[in-house]
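Report on one structure; see the data block that follows.
Derivation of every value follows stated rules applied to the coordinates shown; laboratory data play no part. Just so it is clear, the structure is predicted and the values come from calculations on it, not from any experiment. Counting neighbours? That spans all protein chains shown, and the Cβs are built from the backbone with ideal geometry, glycine included.
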Ligand SMILES: Cc1ncc(C[n+]2csc(CCOP(=O)(O)OP(=O)(O)O)c2C)c(N)n1
Ligand SMILES: Cc1ncc(C[n+]2csc(CCOP(=O)(O)OP(=O)(O)O)c2C)c(N)n1
Ligand SMILES: [Mg+2]
Ligand SMILES: [Mg+2]
């Protein structure tokens, strides 16, 4: 069986919510969500920051300054928009690719870089930020996000929703199924966002499942769903905002949980260790590149007279400055080998303390250099 | 949240395939499947045998002659019909409740009783029988049945299908999801039969999932599905036979895999260790008892003039005789403690052989009586 | 606001590590004669009454009261927001428990039998065990996963598992198993109050084997501490759960032959109480370990390996492992031959003595 | 009938235990200098060429050739019926492998990293390990589950797992891990031909660390046999996988201090080659075990426990376990402190010698 050319059938635009056309003009049937100029500009600034962060991170990886990185170019629009649709008290469950989503919901840029430099400190969540560490084992966040939402509902904290990101590939895992099924049964305030970027590493969407759409899978759980143009930040914002509202205050006959299928495209490689030219054609991205979310929002804002060249410049230089600061901070991180033994349990068991002491002794005896030998 | 009275909403009969009305007359819109008198009688005889086997097994358990048993009264009609719809070379993946399905597809009655008496010999599959040992961990058989069907397709053995049983509860497990999704993607010749008996132990169907139907879950995998009245053996036969044919020779635009939701009711307890009066009302079964599959088929056969009193008597006494023989055989089973160490690997590792020898020595030294002490 | 939520709102400090202030009823010393499974039910009841954040989820734990009645009558008392029948999905149960704990609840999940835990194994080892460590100590997961384990009850396949070693090898999980009703309630209470995820393994063979006095008030038995069940000078027998009783019986019978066994019930399998283990061994110089799980890779290996590491100079004989064989526990006709019976325990101890 | 199916029809005897007759090309001794991952790819290639029943399934193993290129170019040669990209679902991959094996195929499943195996753990321990035993020997499961494991490559969380002990504790599974390219091909060939399910663990740290001569023809290395990599008289060092190299390096450096180490590469972790282990230990009287997994409950415990059981009279010092610590392997900035480095290995051996 030859794979159908991936993404082709995702190019019918009539089955999904969109607000901006490819060139950033407002679609005739659509209404722009109720956002102030400041909000729109801030969203745009976040998009520019995300795009530049992504490019910078890829080059840092090339220089060996960070480890494997999962790029998000083409997907930042959706990421930024989903986080914008959250209230501060809502929680976010991100994947390894959701850098922009994390940042917009409160994580420092430098924290994003910490784990990439090998320090778990970046996963520590500041007290006033509601962002879980990124999930690497695919789909495992889904039952957890559902559980947290359930817990808030049980505690009558009905002003809280939980937003959970995952990819198209994740829909094949058992945890997707179990999580969505619980969400339907217990009617919990959770918003599932499936970032369908058409690829799970080298596996195209068509090979992932024979169902027509990913959104349609929600029916199996009595969960409502919507498909949205994931390269249109305004459409994603609108759909997510509606889902968050519904999670907190469902109307009559409405359920709290929603599955949003945000239709996107992975412009680049799966990660910096991946070479997509091995498994997909160069031409494929063209359709999507023509709908680049950053350009689209910029065109819209320019058309609306909100974005001037001056503002654009300021936005870009602020972004670059922040990224440089973040890199500096991240590169200043250090970790004590004692840290290996900390926080495994609330109280460190004796055996583990003894192991820490052993390592201390060895370091004293042989010096830290002895540990930096290449193992292989 | 109070559970809705379970099963109520399953009582709308217009959404499912049926051939016989409650009283066994042929439904006006239906056509009786093309089965000879002999086949119909044989099917009925299997039903009578199943019902009597079930009653006998329950009483054997009460007498302590077998261990925990999962009754099937009310579900035998569907079990017998699904196995009748198979060709000899097709494989069957049963659960712990599918005694009749196993027997009709070739397993001896005495084999069914073996494991219940504590001997795995009953799980050994005679060479000319294609029935897997029963699956106890819920839903785990689903990816395996799919894999076997896939293997036959790869080997171009297109005259083979695989039929896989599971319950309503099983649809909540990740393995249901992964198995059906693979089946859709690889288009394999498998027939999934969901025996929706409205209960997973004490959990009613409504609590299992918020989806409208279980059959509808197949859409999420691009798999075709059908709902059938599981208390109507002829309807189940027809649906299964069609699914088996399609698995082997799909028509244009048809997929090979099918999910059949066979709508049934668990007349009795989950197992002999279960007391359903704790969690469900006595009245509930009445609706279903009025549609008892054994009565229904008998009425039909009597109406058709196929079943006479004489035949009925012969069928009953043959059934009883076969059951008694099977019990005798099963009660004659013995096992050598050496058996514990056999068949763990193709060749028994030295350590395991040494362990066998240790046990032999202990038995010689202390006698087998020493091992029959109650542990607690 | 539901009344449940109201009381919760009073009690819940988001992510607070401190146990909530407990109602301290008149310190009463009234006791009941309870079986082990009743003591578990009582422990759940006591803790749910005192801490509104405690809730339970699992298969058939509600109206049905659990397939072993471990949650009997709790549904009626606490309602279906706090005693929740879930869909049939173990990864869902454990994944949900993680999320519930993160939201400020104290979930107690039930897995119907240890043999059905595996669909949820990933949630345990990839997340429950790691969220504290991953977040540099910033998140904690006060959750309990209860499950009956072990053989001997003439159950079908998959109902007699004893794979505690899987959990012990995973850093970040605590693992406990009681061998008496008193301990069952005390360890369960401590497990529920503990800020870390605790696997609470229930030896179902002795769910109803005997009764013991169990205080009505709540009390904790510290996690991480073994109990010396019988003092002795000749050999140390290390065991846990349902194997404690046959080990004690063996010890009594051997006493008549002049072999004086010390029987140590580990109770906490992770972290292990190595101090008690080593102290006992240094006293006796000989050791035997009794467990149901297959010998190879079982927890007995860890205990023997540690003893030879830390107390080789005291070791007078090989430490004997009296364990399940390296085969799957057979269907019930042969299970008595598979599990360590008193006869096997005695024989093993005699062998260790004779060396 | 597809041409694939045709050749299959010739080759396949349903449930036959015998390996099919292999084409025996001119017995050639031509060799290539291959890395370990190349040797794996070569082994897969050789076996797929010779036995049409062999097929592969996993995530990204097709066009992409596997994230480590272990299946490089196999898709192009054998087509997508035999090198199958599956949906992203590990229970699906292992469950499907079981079914495929039952149908007469010889599936080789790939799990992308050991840390992502757990969703499929249930299929492994509840079924793959048991179908032979459950059916009283009537069914067998010739299937292989391959996966890269171990740390040291600066990978993200969950990509450095080393939990071989989980599989070893489960009866019915075979577990092997190569430490050289030559062994990689030979063990993999044997694993594919074996009638039992084999977990094939690939030490990814040394996927490309060095090259070795690997014959082009196919050959088997018997499962269940350890290899003495360095003979020595003073102490036996037991290790496997990627830890073999630092252990050998340590041995060479210690030789200069006059400590003569015997280094035993276990290769087969289940069943373990206890004969070789005990023989070596009886010769040296001292032992050390080196592994990446957390110490507690790791395979080192089994080895030490067995030695003291069977060779206590020879034991001159505590057997030292040089292992991962009882914490999760840290993110990469600290992983060199976590994994047993040559310096730690040397120090541990010196300690065992000094006792
Ligand atoms: C359980 C599990 N299996 C395999 C992997 C390896 N892996 C990492 S990312 C990935 C593809 C994920 O695809 P998708 O869900 O579409 O997300 P995307 O990367 O496209 O954002 C795979 C297979 C993993 N991380 N977890
Ligand atoms: C993985 C797993 N979890 C839990 C159980 C315990 N259990 C046995 S039967 C059952 C209910 C199954 O319900 P359903 O799938 O509807 O089948 P039925 O028994 O009604 O035929 C449960 C929870 C199990 N066998 N396997
Ligand atoms: Mg994707
Ligand atoms: Mg059911």
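By the gyration tensor of its Cα atoms, with a ≥ b ≥ c the square roots of the eigenvalues, what is the shape of chain B: rounded for a/c under 1.5, prolate for a/b over b/c, or oblate? Verdict is prolate for chain B. With neighbours defined as other Cβ atoms within 10 Å of a residue's Cβ, the residues C:283, B:102, B:248, D:204 order from fewest to most as C:283, B:248, B:102, D:204.
The relative contact order of region C:220-288, computed from alpha carbon pairs under 8 Å that lie at least 6 residues apart in sequence, is 48 percent. On the rotation that sends chain B to chain A, the chain B Cβ lying closest to the axis gives residue and distance in whole Å as B:174, 1. Calculated from the alpha-carbon coordinates, region C:3-215 shows an Rg and a Dmax of 16.3, 47 Å respectively. Extending 7 Å from the Cα toward the beta-carbon at both residue B:62 and residue B:312 defines two label points whose distance is 2.4 nm. What FRET efficiency do you get for residue C:80 and residue A:212 if R0 is 56 Å and r is their Cβ-Cβ distance, rounded to the nearest 0.05? With R0 = 56 Å, the Cβ-Cβ based efficiency is 0.95.
Taking other C-beta atoms within 10 Å as the exposure proxy, B:97, C:69 rank C:69, B:97 from fewest upward.
Region C:264-309 and region A:37-77 have their alpha-carbon centroids 53 Å apart. In chain C, the DSSP-assigned H stretches of four residues or longer account for a calculated mean residue ellipticity at 222 nm of -9500 deg cm²/dmol, using -39500 (n - 2.57) per stretch and the full residue count as denominator. In this assembly of identical copies, the label point of residue B:278 (Cα plus 7 Å along Cα-to-Cβ) is separated from its counterparts by 5.5 nm, sorted shortest first. Our summary gives chain B a relative contact order of 23 percent, counting only alpha carbon pairs under 8 angstrom and 6 or more residues apart.
Calculated FRET efficiency, residue B:369 and residue C:233, Cβ-Cβ r, R0 30 Å, to nearest 0.05? That pair, residue B:369 with residue C:233, gives E of 0.45. Rounded to the nearest 5, the antiparallel percentage of DSSP beta bridges internal to region C:3-215 is 15%.
Neighbouring Cβ atoms from other chains, within 10 Å of the Cβ of residues in A:41-52, number 0 on average. As a proxy for reagent exposure, A:148, C:147, C:55 were ordered by neighbouring Cβ count within 10 angstrom, fewest first; the result is C:147, C:55, A:148. Decide, for region B:53-208, between rounded, prolate and oblate: order the square roots of the alpha carbon gyration tensor eigenvalues as a ≥ b ≥ c, take rounded if a/c falls under 1.5, and otherwise choose prolate if a/b is larger than b/c, else oblate. Oblate is the answer for region B:53-208, as a/c is 1.5 or above yet b/c matches or exceeds a/b. Per residue, the convex hull spanned by the Cα atoms of the protein assembly as shown amounts to 171 cubic angstrom. The modelled label-to-label distance between residue A:302 and residue B:245, using points 7 Å beyond Cα along the C-beta direction, is 6.3 nm. Take each residue in B:180-193, count the other chain C-beta atoms within 10 Å of its C-beta, and the mean is 5. For region C:227-353, the alpha-carbon coordinates run over 42, 33, 23 Å along the three principal axes, in decreasing order.
The distance linking region A:256-333 with region C:336-355 is 68 Å (Cα centroid to Cα centroid, whole angstrom). For the pair region C:28-69 and region C:163-206, the centres of their Cα atoms are 15 angstrom apart. Compute the FRET efficiency between residue C:275 and residue C:32 as 1/(1 + (r/R0)^6), taking r as their Cβ-Cβ distance and R0 = 35 Å, and round to the nearest 0.05. After rounding, the FRET efficiency stands at 0.60.
For residue C:216, the point set 7 Å out from Cα toward Cβ sits 8.6 nm from its twins in the other copies, listed from shortest up.
Other protein chain C-beta atoms within 10 Å of residue C-beta, averaged over B:218-225: 5. Sort shortest first the distances from residue A:254 to its counterpart in every other copy, using label points 7 Å along the Cα-to-beta-carbon line, and give them in nm. Taking the point 7 Å beyond Cα along Cα→Cβ, the inter-copy spacings are 4.4 nm. Cα-Cα pairs above 32 Å in chain D: how many percent? In whole percent, the long-distance tail amounts to 30.
With the contact rule set at Cα under 8 Å and sequence spacing of 6 or more, what percent relative contact order holds for region C:241-355? The normalised contact order for region C:241-355 reaches 30 percent. In this simple spin-label approximation, residue B:321 and residue C:208 carry label points 7 Å from Cα along the Cα→Cβ vector, and these lie 4.1 nm apart.
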